[in-house]
Amino acid sequence: QVQLVESGGGLVQPGGSLRLSCAASGMIFSVNAMGWYRQAPGKQRELVARITRDGSTDYADSVKGRFTISRDNVKNTVYLQMSSLKPEDSAVYYCNSGVVDIFTTSESEYWGQGTQVTVSS
C-alpha cells in the first residue's frame, strides 16, 4: 500500500506565494517521477510540473518562471513553490507519482487526495 499525502494549500492574495508538499509513504521500493497537476471547476486536469528522480524538470507554459518543483529523494517528498500567483492559478492541486512497491517489480501510478489553492483578493 502506498499513499501520497499533500499539504500546503490555502487562500492567498494575487502576487503572493504558497508552497505545496507531497510525501509518499508505505511499502515503497523506489519513487520515480513525481509531479503536480491541477483541476479548476469545469476544466480538465492539467499538468503543472513534473520532476524525474534525477532532477530533470518540466513545466506547463502558464507557470514557467513562477513555479519551481523540487524533491527530496530521502524523504520521498516533492515540493511545488508557487510565486506571483494569479487568480487563474486557483484550482485543486493533485500530487502524482510513479512508485514501485516492495512486493512488485513494476511501477504503479498514485494520486494524492488534492489540496485547494485559491488566489483571490
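The values are calculated or read from the model by the stated rules, or taken from the named source; none is laboratory data. These numbers were taken from a predicted model, which means no experiment stands behind them. Here Cβ is always computed from backbone atoms with ideal geometry, including for glycine, and neighbour counts include all displayed protein chains. Remember, those area values only see protein heavy atoms, side chains included, never the ligands or the DNA or RNA. Shrake-Rupley method; radii C 1.70, N 1.55, O 1.52, S 1.80 Å.
Among residues of the stretch 97-115 that are in contact (Cβ under 8 Å) with a residue 24 or more places away in the chain, those with a Cβ under 8 angstrom from a residue that is in a loop (DSSP other than H, G, I, E, B), sequence gap 6+ or separate chain, pair up as V100/S106; D101/Q1; D101/M27; I102/M27; F103/M27; T115/G8; T115/G9.
Condition first: open to solvent by less than 30 Å² (accessible area, probe 1.4 Å), within 20 Å of Q113 (Cβ to Cβ) and under 13 Å from the mean Cα position of the chain (by Cα). Can you find one or more residues in the stretch 22-32 that meet it? Yes: one or more hits. So, G15, is that one open to solvent by 40 Å² or more (accessible area, probe 1.4 Å) and at pLDDT 95 or above or not? The answer is yes for G15. I'd like to check something: does the stretch 54-61 contain any residue that is open to solvent by less than 40 Å² (accessible area, probe 1.4 Å) and under 11 Å from the mean Cα position of the chain (by Cα)? No, because not a single residue in the stretch 54-61 is open to solvent by less than 40 Å² (accessible area, probe 1.4 Å) and under 11 Å from the mean Cα position of the chain (by Cα). Please determine, by comparing only the residues of the stretch 91-109 that are of a type in the set (S, T, Y) and surrounded by fewer than 18 Cβ atoms within 10 Å (Cβ to Cβ), which one is nearest to R19 (Cα to Cα). Going through the qualifying residues, I end up with S108.
Out of (1) basic (K, R); (2) surrounded by fewer than 16 Cβ atoms within 10 Å (Cβ to Cβ); (3) in contact (Cβ under 8 Å) with a residue 24 or more places away in the chain, the odd one out for R66 is which? The single condition R66 does not satisfy is (3).
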